[in-house]
Amino acid sequence: VFVAPEYNYFAAPAIVNAVDYLAREWKYKPAAIFSYGGVSGGLRAAQALKPLLTAVGIMPIPEGVALPLYQKLLDEDGAFDASEQVRGGAKTMLDELSRWSEALKPMRAA
């Protein structure tokens, strides 16, 4: 699972660097993207990340979670308090990630 903040309308440089560095180890593995940011919820970062993942042999799954205006979900202590909608989306994403992981297992074994 990539937790991807939007950085200047793009994926954070640290994530891009990690993908470049660890591409061999992650080849034929599924990837889910949990993005966050302002109004767009980090969707531009998620959309920029998908072709990069695909280019190095990582399979980004269709399901993801975009969290717009995440600051509104922080309590007075700064702890994240996810809404039911976010929890449901995360559960769906993780369930699908598990299914894709099983489906891609033969490719990783080859």
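The values are calculated or read from the model by the stated rules, or taken from the named source; none is laboratory data. These figures come from a predicted structure and were not determined experimentally. Cβ atoms come from the backbone with ideal geometry, glycine included; neighbour counts cover every protein chain shown.
Are any residues in segment 8-24 surrounded by 15 or more Cβ atoms within 10 Å (Cβ to Cβ), under 14 Å from the mean Cα position of the chain (by Cα) and not β-branched (V, I, T), and if so, which ones?
Listed by number, the residues that qualify are F10, A11, A12.
Please verify whether S35 is closer than 20 Å to E6 by Cα and assigned to a loop (DSSP other than H, G, I, E, B), treating the condition exactly as stated. Lay out the reasoning, then the answer.
On the way: closer than 20 Å to E6 by Cα: yes; assigned to a loop (DSSP other than H, G, I, E, B): no.
It is false that S35 is closer than 20 Å to E6 by Cα and assigned to a loop (DSSP other than H, G, I, E, B).
Please name all residue pairs, on different chains or six or more residues apart, with Cβ atoms under 9 Å, provided the first residue is in segment 1-28 and is in contact (Cβ under 8 Å) with a residue 60 or more places away in the chain and assigned to a loop (DSSP other than H, G, I, E, B) and the second residue is among the β-branched types (V, I, T) and surrounded by fewer than 17 Cβ atoms within 10 Å (Cβ to Cβ).
Matching pairs, first to second residue: K27/V56.
Among the residues of segment 64-110, write down those that are modelled with pLDDT under 95, among the polar types (S, T, N, Q) and either surrounded by 13 or more Cβ atoms within 10 Å (Cβ to Cβ) or not in a helix (DSSP H, G or I) (or both).
Across segment 64-110, the qualifying residue is only S83.
Output the qualifying pairs, or none if there are none: Cβ atoms under 9 angstrom, residues six or more apart or on different chains, first residue in segment 32-57 and free of Cβ contacts under 8 Å to residues at least 60 places away in the same chain and closer than 13 Å to V16 by Cβ, second residue in a loop (DSSP other than H, G, I, E, B) and hydroxyl-bearing (S, T, Y).
Close Cβ pairs satisfying both conditions: A45/Y9; A48/Y9.
Would segment 91-107 turn up any residue that is in contact with a Ser or Thr (Cβ under 7 Å, 6 or more places away or on another chain) and within 12 Å of V1 (Cβ to Cβ)? Talk me through it step by step, then tell me what you get.
Within segment 91-107, the subset in contact with a Ser or Thr (Cβ under 7 Å, 6 or more places away or on another chain) is none.
No, segment 91-107 has no match at all.
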